[in-house]
Amino acid sequence: MATFHFELVSPEKLLFSGEVEAVVVPGVEGQFTVMKDHAPVMTVLKAGIVEIDEAPNKKSRLFVRGGFADVAAGGLTLLAEQATPLEQFDSARLAQEIKNAEEDLADATSDEAQKLAADKLDQLNELKAAVAA
Amino acid sequence: MPSLKDLRNRIASVKATQKITKAMQMVAAAKLRRAQQAAEAARPYAERMDTVLANLASGVSGDGPALLTGNGKSEVHLLVVATAERGLCGGFNSSIVRLARERILALQSEGKTVKILCIGKKGYDQLRRQFEKQIVDLIDLRALRQIGFENADPIGKKIIAMFDRGEFDVATLFYSKFRSVILQIPTAQQLIPAEVPAGGEASTAAYEYEPGQDEILATLLPRNISVQIFRGLLENAASEQGARMSAMDNATRNAGEMIKKQTTIYNRSRQAMITKELIEIISGAEAL
């Protein structure tokens, strides 16, 4: 299968750079798979799992939180606010984050902040389900 | 003429100082390696961010968001001066402050209002003498061993909140770029309105945006500011350690020279004293 160039970077470091066959990206308006010669798209990411297919039997899954995906002629670039390989992912930390989000929601005063906190909580819960699966 | 005891004490104290500077140099060298790695690891993200921003901005026609194009005024300038928390690193802090001070004076002579936000205590101490009234805040990062993105993000948010409240029109970040151990370049970088790197792939390809172009810009621009600050802080951390390393290396060498000089004086006066005693004994014996 044809490959294209994919890069995953977080502010702290470059997590992945290389040729891949397909990448599943958790866009804010739904998941989508990017393959070679995908039409140029730019989207905001939500918290979720990025699935990288390097070769038929070589897959890796990473958890990302917030950021952007940029599909251009040169390939796909993911700018993640935070990215962790799933193997290193800590369910205790996720539980902590969910708790924080719940507190944020309880503390939110304005409508806007409340909506933001609720969205975040939804995303985290979704993620918890994804990790458990 | 100092006595032999004085000389011995002086040599001992210089030796003790030399040990300290030597230790500081080695600590700085170890920290430098880590800081340099962190700065290098952060580079790809910032570079990709620049490209993405350039791509997006080239598609913006007319008036975009205020963070990108400014609010049309340039009356009140906010200078974000990032320096170290500690001294003993040569001219590192002073050179950043000097650059900021020149800018402040230039802006003031043009009749603009200047506000200063200090990151790091050393810059605050130096600027306070001259511009006490202009300093709006001091951000202290002393407790941190390693700067993470989560430390830079609140600073970015704070600056944006100030901008939204209309407290300033233009923001500039002052920091020191790390070139090598002996060369750090004090740099001023404009944060708001965003400086868009030239050479974005002019929108030949029809981009699709999810959700919309404006929404993406609205999330990307604040993020970009945090990233710029983060990059500045990392470069600063590496520069600081580099500057300290070379300053302490010099200090160690100077201490070595001083010890050598003092030892020569000590030996000379010791010999002179022995000779004097000998002469006294011999002339005493001859007199008998």
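The values are calculated or read from the model by the stated rules, or taken from the named source; none is laboratory data. In this text, all values refer to a predicted model and were calculated from it rather than measured experimentally. Counting neighbours? That spans all protein chains shown, and the Cβs are built from the backbone with ideal geometry, glycine included. The accessibility values were calculated without ligands, DNA or RNA, using every heavy atom of the protein model including side chains. Shrake-Rupley method; radii C 1.70, N 1.55, O 1.52, S 1.80 Å.
Say whether the condition of being open to solvent by 90 Å² or more (accessible area, probe 1.4 Å), assigned to a strand (DSSP E or B) and either within 20 Å of A:Phe16 (Cβ to Cβ) or modelled with pLDDT under 85 (or both) is met by at least one residue in segment A:74-93. Within segment A:74-93, not a single residue is open to solvent by 90 Å² or more (accessible area, probe 1.4 Å), assigned to a strand (DSSP E or B) and either within 20 Å of A:Phe16 (Cβ to Cβ) or modelled with pLDDT under 85 (or both). The residues listed here are A:Gly18, A:Gly66, A:Gly27; of these, the one that is within 21 Å of B:Asp50 (Cβ to Cβ) and either open to solvent by less than 50 Å² (accessible area, probe 1.4 Å) or within 13 Å of the chain's Cα centre (by Cα) (or both) is A:Gly66. Scanning segment B:12-35 finds one or more residues that are within 14 Å of chain A (Cβ to nearest Cβ), surrounded by 13 or more Cβ atoms within 10 Å (Cβ to Cβ) and under 17 Å from B:Phe178 (Cβ atoms). Consider segment A:1-15 and keep the residues that are open to solvent by 10 Å² or more (accessible area, probe 1.4 Å) and more than 10 Å from every other protein chain (Cβ to nearest Cβ). The one that is nearest to B:Glu40 (Cα to Cα) is A:His5. You will find that of A:Val34, A:Val44, the residue that is touching a residue at least 40 places away in the same chain (Cβ under 8 Å), buried (at least 19 other Cβ atoms within 10 Å of the Cβ) and either within 27 Å of B:Ala46 (Cβ to Cβ) or facing chain B (nearest Cβ under 9 Å) (or both) is A:Val34 and no other. Name, by its number, the condition in (1) part of a strand (DSSP E or B); (2) open to solvent by less than 70 Å² (accessible area, probe 1.4 Å); (3) within 14 Å of another protein chain (Cβ to nearest Cβ) that does not hold for A:Glu51. Of everything listed in (1) part of a strand (DSSP E or B); (2) open to solvent by less than 70 Å² (accessible area, probe 1.4 Å); (3) within 14 Å of another protein chain (Cβ to nearest Cβ), A:Glu51 misses just condition (3). Criterion applied to B:Gln213, B:Gln228 was being under 30 Å from B:Phe168 (Cα atoms), within 14 Å of chain A (Cβ to nearest Cβ), surrounded by fewer than 17 Cβ atoms within 10 Å (Cβ to Cβ) and in contact (Cβ under 8 Å) with a residue 12 or more places away in the chain, and the one residue passing it is B:Gln213. For segment B:27-45, the criterion of being touching a Leu at 6+ places or on another chain (Cβ under 6 Å) and more than 30 Å from B:Tyr124 (Cβ to Cβ) is satisfied by at least one residue.
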